[in-house]
1. Of the numbered conditions (1) outside any helix (DSSP H, G or I); (2) at pLDDT below 90, Glu149 fails exactly one; give the number of that condition.
2. Can you tell me which of (1) out of contact with any helix residue (DSSP H, G or I) (no Cβ under 8 Å at 6 or more places or on another chain); (2) open to solvent by 70 Å² or more (accessible area, probe 1.4 Å); (3) not small (Gly, Ala, Ser) is the one Ile143 doesn't meet?
3. State the number of residues belonging to segment 95-108 that are basic (Lys, Arg) and modelled with pLDDT of 90 or more.
4. Give the residue that is least open to solvent (accessible area, probe 1.4 Å), with candidates limited to residues of segment 103-122 that are acidic (Asp, Glu) and in contact (Cβ under 8 Å) with a residue 40 or more places away in the chain.
5. Only one residue in Ser134, Ser130 is modelled with pLDDT of 85 or more and open to solvent by less than 60 Å² (accessible area, probe 1.4 Å). Which one?
6. One residue is enough: does segment 21-44 have a residue meeting the conditions over 13 Å from the mean Cα position of the chain (by Cα), under 22 Å from Glu149 (Cα atoms), open to solvent by 50 Å² or more (accessible area, probe 1.4 Å) and modelled with pLDDT of 90 or more?
7. Could you tell me whether segment 72-87 includes any residue that is in contact (Cβ under 8 Å) with a residue 40 or more places away in the chain, among the hydroxyl-bearing types (Ser, Thr, Tyr) and in a strand (DSSP E or B)?
8. Mind checking which residues of segment 50-94 are modelled with pLDDT under 90, hydrophobic (A, V, I, L, M, F, W, C) and within 11 Å of Gly26 (Cα to Cα)?
Amino acid sequence: MTETAPQTADHVAPHEQIELLSFTVGGQDFAIDIMLVREIRNWSAPTPLPKTPDFVRGVINLRGTVLPILNLAKRLGLEETRDETRSVFVVLDEGGRTFGITVDTVSDILTVPRSALQEPPSVMGGIETSCVESLILDEERMIRVLAGERIAPRIERAAEGASDAA
């Protein structure tokens, strides 16, 4: 009988791993599935839209497409970065919906075993919990993994409201 070695982070089958783009928002660590990331862009001032929630910065022209931009710090109820010109947009494509989120800095691409993803404790409350699908421990820091589909629906409703007003 052949013994198999226990699976470690270095010896996990590719289908049992997930790649995450990690970034900071409001001085805290977050990540999102790399498969949702379309591109990372430098800051450009969005055009504000009337009658949108305060976390919708506005829209930008992305190669002929109107792209909604979400202020992720406000969406999560975190302190905003004062110097937005140093921020970047992470353009996400989730379920055919394309939108951008502002982040302070992009940190790294992490490859972690799916077994390392932990469910957030039920004591967490508020809007942040609704966007956080899991937690991972990476050395000394805790990283909140965001669910793209939980961020996007409010953007669509906000954009629909703005087009109704026009």
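1. (1)
2. Going through the list (1) out of contact with any helix residue (DSSP H, G or I) (no Cβ under 8 Å at 6 or more places or on another chain); (2) open to solvent by 70 Å² or more (accessible area, probe 1.4 Å); (3) not small (Gly, Ala, Ser), Ile143 breaks only (2).
3. 0
4. Only one residue fits best here, namely Asp104.
5. Just a single option satisfies the conditions, and that option is Ser134.
6. Yes, segment 21-44 contains at least one residue that is over 13 Å from the mean Cα position of the chain (by Cα), under 22 Å from Glu149 (Cα atoms), open to solvent by 50 Å² or more (accessible area, probe 1.4 Å) and modelled with pLDDT of 90 or more.
7. No, there is no match, as no residue in segment 72-87 is in contact (Cβ under 8 Å) with a residue 40 or more places away in the chain, among the hydroxyl-bearing types (Ser, Thr, Tyr) and in a strand (DSSP E or B).
8. Leu76, Leu78
The values are calculated or read from the model by the stated rules, or taken from the named source; none is laboratory data. Just so it is clear, the structure is predicted and the values come from calculations on it, not from any experiment. Cβ: placed from backbone, ideal geometry, glycine included. Neighbour counts: every protein chain shown. Quick note on the areas: whole protein, heavy atoms, side chains included, nothing else; ligands and nucleic acids left out. Shrake-Rupley method; radii C 1.70, N 1.55, O 1.52, S 1.80 Å.
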